[in-house]
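Chemist: What follows is a structure written as structure tokens; I'll ask about it next.
The values are calculated or read from the model by the stated rules, or taken from the named source; none is laboratory data. The structure displayed is predicted, hence computed values, not measured ones. As a convention, Cβ positions derive from the backbone with ideal geometry for all residues, glycine included, and neighbour counts pool all protein chains shown.
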Amino acid sequence: MCNFDVARGAGTGTMRRTESPPRGLTEDAVALARDLPDLIEVPSGLRSPARVLDLLTGIPAEQFRNALGVAHDLFAGRVIWNVNSTASGGGVAEMLQSIVPYARGAGVDTRWVVIGGSEEFFRITKRLHNRLHGAIGDGGELDEREHDEYLAVLQVNAERLLHRVHRGDAIVLHDPQTAGMIPLLHQAGHPVVWRCHVGVLDPNSLVHQAWDFLRPSVLQADAYIFSTHGFVWDGLDPARLTIVPPSIDPLAPKNNELTTEQQRAILVAAGLMAGDADPAHAVFTRLDGSTSQVVHRSELAEIAPLQESTPLVLQVSRWDRLKDPRGVLDGFVEYCAPASDAHLMLAGPSVARVADDPEGLDVLNEIEAAWRALPDATRARVHLASLQMNDVEENAVTVNALQRRAAVVVQKSLAEGFGLTVAEAMWKARPVVASRVGGIQDQIEDGRSGELVEPRDLPAFGAAVNRLLRDPALSHRIGDAARERVREHFLVSRHLLQYLELLSALLDREAQ
Ligand code: UDP
């Protein structure tokens, strides 16, 4: 997938582009700047990427080893800045939590900054997020007024970032929440990469509306990254395009191996399963190598806690309509509950904490209302879990334990950029039933490394889950194939290599 030419050696990379002072802020931006929360730099430690080598074999291992040998020299004296809109919750934060420390561990000074926004700004960016998936969302406007507010907030953020960066630093902006920063940063002479983590394969007029809103900014980036070819927008320059599928970190708390005892104790400590496990076993290793214990309890809507021996069907997602928690509930209630003794758990982050997702609480309330309306016997088989987000790594290891505990993991999204939860469950050798949408299709080979179903076909969804619940041999076979699929294509090592290749090529180009 990645052909980083390690023989090319280290580029010295002095920037030739003359820096011009950034364009002044608009009046709107100046007015906003007073009240807008400042940028937050997310503290990132150092992790040795060499540890991932133990999980690789053959050419990927060799390429990765070679790249690690030259990374430091390639980027000497420069900082690679990553910018997004939240430090926790969601796939982008998840990836940055592992990629940034690994890059630092490879000797590349890499930082992560979170932008500040107003409530109105996040309403607009959520609208953009929904429309980039072809969904109407709150149905609000995306006109000049919204455009002005969006750009004004991002001008302030860009201006603030420019006070932190130095000549020659490269900037990687993530998702629509940051695209409006591109023009100012580019004008200031920095190589700017914009990465789009979301998309749909069959864009409708809503998608085009979001593209039109963002395109004038995006066109000014030096490079754009999409997760899959099918997501690339009309009207972009193919020469500046790179495809980088997301990845998971096999050594992070989210994916690290857990013993059965640990897994059990973590779930009991988090209040997600009944039992009297020794809390001393509810331990996990943090990204910085230290050891911690799971102590925070999740909030649950349930009649009684899940028992240890009960087969579990699990979906882990933000509380977002595009993840179709309602469809999962209905499909389970109608087709799985009558045909099995399994329980369903819908688990998502505590809504109070995911700042860039204003719809989370509404969606959770809706799903809870639907759950309350179920007959008692069915309601007893469905658990709604809001996982604490005070401690992100503790949240991650709790998700890890849940995914390992599940008999079947589902991801019944109506649209999906990639769906990290799918790769996470596959790495844990879980059989996954997921919708045939977006990047999920790059991960699961239907019938071999998972099961794909049409997103609104509840009978097919129910049948696929039931088949796996009934047939442990099939579940094992699919689970094993799933793990190998992730090892080959979706581990962080491949991701780091692709970044190294793209950024070093950009800096080389700047130097000429
Ligand atoms: N996630 C989490 N805690 C939660 C819910 C979700 O850590 O309570 C993680 C999940 O494990 C995955 C990420 O958030 O790593 C979601 O990424 P995905 O690509 O599946 O969806 P997105 O939220 O980016 O749309």
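Chemist: Report yes if some residue within the range 248-266 is part of a helix (DSSP H, G or I), within 16 Å of the ligand (Cβ to nearest atom) and either touching a Lys or Arg at 6+ places or on another chain (Cβ under 7 Å) or over 18 Å from E94 (Cβ atoms) (or both); otherwise report no.
Modeler: Yes, some residue in the range 248-266 is part of a helix (DSSP H, G or I), within 16 Å of the ligand (Cβ to nearest atom) and either touching a Lys or Arg at 6+ places or on another chain (Cβ under 7 Å) or over 18 Å from E94 (Cβ atoms) (or both).
Chemist: Tell me whether the range 352-373 contains one or more residues that are at pLDDT below 95 and in contact with a Leu (Cβ under 6 Å, 6 or more places away or on another chain).
Modeler: For the range 352-373, residues at pLDDT below 95 and in contact with a Leu (Cβ under 6 Å, 6 or more places away or on another chain): absent.
Chemist: Go through the range 158-200 and count every residue that is in contact with a Ser or Thr (Cβ under 9 Å, 6 or more places away or on another chain) and within 16 Å of the ligand (Cβ to nearest atom).
Modeler: 10
Chemist: Sticking with this structure for a sec: Within the range 44-94, how many residues turn out to be within 19 Å of D175 (Cβ to Cβ) and assigned to a helix (DSSP H, G or I)?
Modeler: The qualifying residues number 4.
Chemist: Restricting to the range 246-281, and then to whatever is crowded, with 19+ Cβ neighbours inside 10 Å and among the polar types (S, T, N, Q), can you tell me which residue is nearest to K428 (Cα to Cα)?
Modeler: Restricting to residues being crowded, with 19+ Cβ neighbours inside 10 Å and among the polar types (S, T, N, Q), the top hit is N255.
Chemist: Could you give every pair whose Cβ atoms fall below 6 Å, whose first residue belongs to the range 309-322 and is within 15 Å of S88 (Cβ to Cβ), and whose second residue is part of a helix (DSSP H, G or I) and of a type in the set (S, T, N, Q), counting only separations of at least 6 or pairs across chains?
Modeler: V316/T421
Chemist: Looking only at residues in the range 64-102 that are within 16 Å of the ligand (Cβ to nearest atom) and small (G, A, S), which one is nearest to L39 (Cα to Cα)?
Modeler: S85
Chemist: From the list E484, E451, pick out the single residue that is modelled with pLDDT of 95 or more and acidic (D, E).
Modeler: Result of the check over E484, E451: E451.
Rundown of residues vs (1) over 30 Å from G199 (Cα atoms); (2) in contact with a helix residue (DSSP H, G or I) (Cβ under 9 Å, 6 or more places away or on another chain), yes/no style:
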{"site": "N256", "(1), (2)": "no, yes"}
{"site": "I303", "(1), (2)": "yes, yes"}
{"site": "T310", "(1), (2)": "yes, no"}
{"site": "R326", "(1), (2)": "no, yes"}
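Chemist: From the list V200, V207, which residue is modelled with pLDDT under 95 and touching a Leu at 6+ places or on another chain (Cβ under 8 Å)?
Modeler: Testing whether each residue is modelled with pLDDT under 95 and touching a Leu at 6+ places or on another chain (Cβ under 8 Å) leaves just V200.
Chemist: Does T378 fit the bill of being modelled with pLDDT of 95 or more and touching a strand residue (DSSP E or B) at 6+ places or on another chain (Cβ under 7 Å)?
Modeler: no
Chemist: As an exercise: evaluate V294 against (1) within 16 Å of the ligand (Cβ to nearest atom); (2) buried (at least 20 other Cβ atoms within 10 Å of the Cβ); (3) closer than 24 Å to V433 by Cα and give the number of the one condition it does not meet.
Modeler: In the conditions (1) within 16 Å of the ligand (Cβ to nearest atom); (2) buried (at least 20 other Cβ atoms within 10 Å of the Cβ); (3) closer than 24 Å to V433 by Cα, V294 misses (3) alone.
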